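Let me begin by presenting the structure, written as structure tokens, before commenting on it.
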Amino acid sequence: MLKNSNILITGGTGSFGSAFVPLTLKKFKPKRLVVFSRDEMKQWEMSRTFQNDPRVRFFIGDVRDKDRLYRALTDIDYVVHAAAMKIVPTAEYDPFECVKTNVLGAMNLIDASIDNGVKGVVTLSTDKASSPSNLYGATKLTADRLFVAGNHYSAGSTKFSVVRYGNVMGSRGSVIPLFLSMKDKGSFPITDKKMTRFMITLEEGVELVWHVFENMIGGEIYVKKIPSMKVIDIAKS
């Protein structure tokens with residue numbers, strides 16, 4: 001499905017995008033892979049890795065800006081939506097900003113994808129969207145519902161599906177890099193000794209998105225069966 005297609009990834013300079021782009025280029029050989037994000041420095045650094053690959057394009061923009069999304073999605077076949085505000089304390093301190101990106105940004109992408117004739121959209125969600133206890137989880141749950149409902153708005157012309165991850169091991173801001181950065185301090189900020197996290201690697205996350213594009217009907221929320229680990233065991237390791 002992704003072979004010889006035009007693909008766009010929002011938030012494409014993040015941890016997921018840094019894995020998705022090279023793996024997808026190698027496996028599917030798309031015509032064009034557009035990295036859409038608002039961080040020009042990360043785009044500049046990433047572009048140096050792919051400077052000899054004419055298939056990779058970089059597009060500065062924010063999912064909050066619907067007009068910019070409309071321009072970026074011209075002639076795009078498939079979209080991976082990875083852009084989000086993800087840091088829980090930041091979302092609590094700046095809730096309006098979190099809603100603008102995670103909820104309003106989702107609405108903008110749904111509209112722009114339908115109007116531009118995009119064939120399929122896969123959005124990345126989180127286990128925190130299940131019975132959310134914080135604003136980040138609540139905004140991602142809302143976004144999930146919006147993307148599922150997008151199938152009704154598009155009347156089948158554009159398919160929307162969701163994938164829910166656990167903790168992506170080694171990704172920026174996640175627990176393992178945090179603990180490694182604090183290992184010399186002698187203590188870790190563990191809220192509850194009984195806490196567990198579901199763990200998934202970046203490569204497994206990319207493969208799940210590929211699986212969804214190949215199998216989606218529209219409206220599904222895919223949840224991969226992945227191992228659960230005690231936070232205490234992670235800290236000791």
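Figures for the structure shown
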| read-out | value |
| --- | --- |
| Strands (runs of 3 or more DSSP E) wholly inside region 1-91 that include at least 1 residues being in contact with a Ser or Thr (Cβ under 6 Å, 6 or more places away or on another chain) | 32-37, 56-60, 78-81 |
| Residues of region 209-237 classified as aliphatic (A, V, I, L, M), open to solvent by less than 40 Å² (accessible area, probe 1.4 Å) and over 15 Å from the mean Cα position of the chain (by Cα), total | 5 |
| Residue tally, condition closer than 19 Å to Gly17 by Cα and at pLDDT 95 or above, over region 86-108 | 4 |
| Qualifying residues in region 116-131 (those that are touching a Leu at 6+ places or on another chain (Cβ under 8 Å) and not polar (S, T, N, Q)) - the one farthest from Ala72 (Cα to Cα) | Ala129 |
| Selection from region 50-76 of residues that are open to solvent by 30 Å² or more (accessible area, probe 1.4 Å) and in contact (Cβ under 8 Å) with a residue 60 or more places away in the chain | Asp75 |
| Cβ pairs under 8 Å, 6+ apart, first in region 11-28 and under 13 Å from Glu207 (Cα atoms) and in contact (Cβ under 8 Å) with a residue 12 or more places away in the chain, second among the charged types (D, E, K, R) and assigned to a helix (DSSP H, G or I) | Ala19/Glu203; Leu23/Glu203 |
| Residues satisfying the stated conditions in region 54-89, i.e. among the charged types (D, E, K, R) and out of contact with any strand residue (DSSP E or B) (no Cβ under 9 Å at 6 or more places or on another chain) | Arg64, Asp65, Lys66, Asp67 |
| Subset of region 106-137 (residues that are of a type in the set (A, V, I, L, M) and touching a residue at least 60 places away in the same chain (Cβ under 8 Å)) | Leu109, Val122, Leu124 |
| Count - residues of region 162-208 that are under 18 Å from the mean Cα position of the chain (by Cα), within 13 Å of Asp127 (Cβ to Cβ) and open to solvent by 50 Å² or more (accessible area, probe 1.4 Å) | 1 |
| Enumeration of residues in region 165-192 that are within 29 Å of Tyr222 (Cα to Cα) and among the basic types (Lys, Arg) | Arg172 |
| Residue match in region 136-147 (condition: among the polar types (S, T, N, Q), farther than 22 Å from Pro22 by Cα and surrounded by 19 or more Cβ atoms within 10 Å (Cβ to Cβ)) | yes |
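Yes/no per residue for (1) among the basic types (Lys, Arg); (2) over 24 Å from Asp144 (Cα atoms):
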position: Phe16; (1), (2): no, no
position: Ala19; (1), (2): no, no
position: Leu25; (1), (2): no, yes
position: Phe50; (1), (2): no, yes
position: Arg57; (1), (2): yes, yes
position: Ile60; (1), (2): no, yes
position: Arg68; (1), (2): yes, no
position: Asp75; (1), (2): no, yes
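Residues are listed down the side, and each one gets a yes or a no for (1) under 13 Å from Gly11 (Cβ atoms); (2) open to solvent by 40 Å² or more (accessible area, probe 1.4 Å); (3) aliphatic (A, V, I, L, M); (4) not in a helix (DSSP H, G or I):
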residue	(1), (2), (3), (4)
Val103	no, no, yes, no
Leu109	yes, no, yes, no
Pro132	no, yes, no, yes
His152	no, yes, no, no
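The values are calculated or read from the model by the stated rules, or taken from the named source; none is laboratory data. Everything numeric here is computed off the predicted structure, so don't read it as measured data. Here the Cβ is made from the backbone with ideal geometry for all residues, glycine too, and neighbour counts use every protein chain on show. The area values use the complete protein model at the heavy-atom level, side chains included, leaving out ligands, DNA and RNA. Shrake-Rupley method; radii C 1.70, N 1.55, O 1.52, S 1.80 Å.
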